[in-house]
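Here is the structure we will look at.
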Amino acid sequence: MIRALVAAGLACVLPVQASPEVLMVSDAPAKPFSTLNEITPVELALARFGMRLKSCSTTDLTADDLAAADYIVVMGVAEFPPPEAARILKEAKKPIFALGAACPLAGDGMPVPSKPTGPVDVGYRGATWHTSLDPFYPVRSPAAIVLARASGQATPLAWRIGERFGMATLPGSGPLSLIFADLLQDFFQWRPAWPSGLVLVLENFHPGCAAGDVQRVADYLAHRKTPFVVATQMSDLPAGELPMPKEEFLDSLRYLQNRGGRMFLTGGVSTRSKFEEAGLAIDGTMTSPPGDEGEREIGLESIPGLDRRDAREFRMVLPRRGTSGGWHLPVGARGGLDGEMNQHLAGDLKQLGSLRGAVVVLLIPAWLPFRAQRETIDTALASGLEALDPVQAFPFSKGEIQ
């Protein structure tokens, strides 16, 4: 009995195991003569994996930094690491992912000049991605397992040798960021805790939309037993001054919710009370850039330039857990109005669906006529991706705010 009590007491004071630490080593935030931030895309991808991130420059790197880390990501934005940093990185016995000019650290360790390429087709996990590679470092390593290859190139785009991974470019563009995030799953030996699939979002349903078309879409989805999200907003204007009076708009939202639609508020939570007073349950928000309000969010992510004027969209399909316990689901695709755009969407979804743990948030403008919305939905569901209910697929842990 005494031993049991002592054991129970010891169990109470055992420290909570800390998350693994990732040491990110880099030389510069941007390539020469460029204002595009090359480090942030890597940080945003790493944020998907729930690890502690520590940053260090290649000029300040010490052996003690490496000893404290569980994983090491080395970025050569402008150049190969200086001799002392390169030496201790070569000798490190930790998993290392080397990018850009630093990628020879995952090969023979000798720096090579960049040879940028024009448009190429990148083959990865059975899908083909069209992009450009600037920079591109041709590293030869006969012992490597090739993970991704670019057309017309004799050397691989991504590879691994044991616990060392290499990528011969910087993952700043859409396709390369997506591929890099997928490669990190192997690097961290990590598997997603959620199902892969598709989140259909009827985007920006407001009093100026045609209620009849959106209700027909909801009927169509309910008939197919397909979950969906309604992203909505409400302008506080007198009834009758918009095509749809306020009460008719609220009745339309109730109709959509009764058909299984999940309500996400556009523009944050400031108007939540107006909807809740009308008896509508709110399941999340549409917000860009993502906040951290402890709930489910859907939105675009972006990479700011060094002077914040050269921001570009950051494309991702891996959800991210917020520090306040919520979820952020990044927008992955957009619906179109005509057949040509839907053909492009079909190819897009095939690519995205090849990635592990992919949750593709598809925006379908609610102002489109019924036929256009239905054709986009049919194209999406023909991809084979399962339509997900974001509330069921991304639950909160016990005790968290919902």
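The values are calculated or read from the model by the stated rules, or taken from the named source; none is laboratory data. Values in this document were obtained by computation on a predicted structure and should not be read as measured data. FYI the Cβ positions are ideal-geometry reconstructions off the backbone, even for glycines, and counts take in every protein chain you see. Heads up: the accessible areas ignore ligands, DNA and RNA and are worked out on the full protein's heavy atoms, side chains in. Shrake-Rupley method; radii C 1.70, N 1.55, O 1.52, S 1.80 Å.
Selection of the stretch 150-162 for residues being outside any strand (DSSP E or B) and within 24 Å of the chain's Cα centre (by Cα) yields only LEU157.
Just so you know, in the stretch 256-272 the residues that are open to solvent by less than 60 Å² (accessible area, probe 1.4 Å) and more than 22 Å from the chain's Cα centre (by Cα) include one that is modelled with the lowest pLDDT, and it is VAL269. The set of residues from the stretch 139-149 being buried (at least 16 other Cβ atoms within 10 Å of the Cβ) and over 21 Å from the mean Cα position of the chain (by Cα) comprises VAL139, SER141, ALA144, ARG149. The numbered conditions (1) open to solvent by 40 Å² or more (accessible area, probe 1.4 Å); (2) in contact with a Phe, Trp or Tyr (Cβ under 8 Å, 6 or more places away or on another chain) are all true for GLY162 except (2). Here the stretch 333-356 is the region considered, the condition is being modelled with pLDDT of 90 or more and touching a helix residue (DSSP H, G or I) at 6+ places or on another chain (Cβ under 7 Å), and the residue that is surrounded by the fewest Cβ atoms within 10 Å (Cβ to Cβ) is ALA346. Annotation note: Cβ proximity below 7 Å between a residue of the stretch 340-358 that is within 15 Å of ALA181 (Cβ to Cβ) and a residue that is buried (at least 16 other Cβ atoms within 10 Å of the Cβ) and among the charged types (D, E, K, R) (sequence gap 6+ or interchain) occurs for LEU355/ASP182; ARG356/ASP182. Considering the stretch 207-233 alone, what residues qualify as being open to solvent by 20 Å² or more (accessible area, probe 1.4 Å), modelled with pLDDT of 95 or more and among the hydrophobic types (A, V, I, L, M, F, W, C)? Selection gives ALA222 alone.
Taken together, the residues in the stretch 170-198 that are open to solvent by less than 10 Å² (accessible area, probe 1.4 Å), assigned to a helix (DSSP H, G or I) and not aromatic (Phe, Trp, Tyr) amount to 9. Taken together, the residues in the stretch 107-122 that are surrounded by fewer than 16 Cβ atoms within 10 Å (Cβ to Cβ) and farther than 22 Å from VAL74 by Cβ amount to 3. Please determine, by comparing only the residues of the stretch 86-106 that are over 25 Å from LEU36 (Cα atoms) and touching a Leu at 6+ places or on another chain (Cβ under 8 Å), which one is surrounded by the most Cβ atoms within 10 Å (Cβ to Cβ). Ranking the candidates gives LEU89 first.
Exactly one residue among ILE282, ILE298 is closer than 22 Å to PRO365 by Cβ, of a type in the set (Val, Ile, Thr), at pLDDT 85 or above and not in a loop (DSSP other than H, G, I, E, B), and that residue is ILE298. Within the stretch 359-387, the residues that satisfy the criterion of being outside any loop (DSSP other than H, G, I, E, B), over 22 Å from the mean Cα position of the chain (by Cα), in contact (Cβ under 8 Å) with a residue 60 or more places away in the chain and over 24 Å from GLU297 (Cβ atoms) are PHE370, ARG374. Condition check for MET24 on (1) at pLDDT 95 or above; (2) more than 20 Å from the chain's Cα centre (by Cα): one failure, at (2).
Mind checking which residues of the stretch 241-261 are free of Cβ contacts under 8 Å to residues at least 12 places away in the same chain and not charged (D, E, K, R)? Hit for the stretch 241-261 is ASN258, nothing else.
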